[in-house]
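> This is the structure I have questions about; it appears just below.
None of the figures in this text is laboratory data; all of them are computed from the coordinates on show. If you're wondering where the values come from, they're calculated on a predicted model, not measured in any experiment.
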Amino acid sequence: MQRWEYMTLVSQTNYGSIKYHINGELNTQLKNVALPTVLNQCGAQGWEMISTRPVSQNEFMYIFKRPVRPAGLTQLGGQPAQGNNNNPPGGK
């Protein structure tokens with residue numbers, strides 16, 4: 001049976017600045033990166049967007065999934081898989 005892992009990405013726009021939260025944590029490396037660039041990075045890491053919804057007037061949540069990788073396989077960047085490392089865009 002196929003197993004999945006999930007990731008949430010929240011974009012927050014405020015006074016011309018864009019911040020991103022991945023699984024609830026602020027990712028400072030993605031500050032002010034254009035949304036299409038962030039979404040393309042997610043896709044390049046194997047994430048498929050499955051849902052999007054507004055959180056507030058200036059916030060949107062994007063939900064992604066990808067197949068769980070078997071233990072021992074390497075993830076992007078050549079690092080061994082470790083637990084629930086989602087390997088988010090920007091390398092948090």
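> What does the C-alpha gyration tensor say about the overall shape of the range 27-69? Classify as rounded when a/c is under 1.5, otherwise prolate if a/b is larger than b/c, or oblate.
oblate
> Report relative contact order for the range 4-71 in percent, whole number only (criteria: Cα-Cα under 8 Å, sequence separation at least 6). Write out the running numbers ahead of the final one.
Working: 106 pairs, mean separation 25.8, N = 68.
For the range 4-71, the relative contact order is 38 percent.
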